[in-house]
Amino acid sequence: MHTLSRTALLSVLAAFAAGALAGNPPAAPAGGISLAQARAIALQAAPGKIVKEEREKENGALRYSFDIRQEGKPGQVHEIGVDVATGKIVEDKFEADADRD
C-alpha cells in the first residue's frame, strides 16, 4: 500500500515539475475553480464554440482565458477571462481575427 501511495505522489510531483519547467503557471489553488467550471462560466457569458483556452498569469493573478467563436459574428472571437480563485469574469471583449495572438 505504501508503495502505491509513494508511486502516486512521485507521479504528481513529476507532472508538476514538468509543468513548471515548461513555464506553465501552477495548478489552481485549493478553493479555486476547475477548468471545467471556468468553461461553463465563459460559455454562459458568451455562448459559442471555444477555439482556444489557456490558464495564464496576468497582472499577478491566475485566470483561465477562452477565445469563443459565436454564430453571427464572423471574423472575430469573444475573449472571456475567468479568475481562477473567484470564478468571476475579469475580461469580456471582442477581438478581430487579425489582432489575435
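No lab work stands behind these numbers, since they all come straight from the coordinates. Bear in mind the structure is a predicted one, so any value in this text is a computation, not a measurement. Don't worry about glycine lacking a Cβ; one is built from the backbone with ideal geometry, like all the others, and counts go over all protein chains shown.
The table below lists the values:
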read-out	value
Close Lys-Lys pairs in the range 29-99, where close means Cα under 17 Å and separation is 8 or more or interchain	6
Gyration tensor (Cα) of the range 29-99, equivalent ellipsoid semi-axes in angstrom	22, 13, 8
Mean Cβ neighbour count within 10 Å, used as a protection proxy, ranking 78-87, 33-42 highest first	78-87, 33-42
Relative contact order (%) - the range 29-99, alpha-carbon pairs under 8 angstrom, separation at least six	29
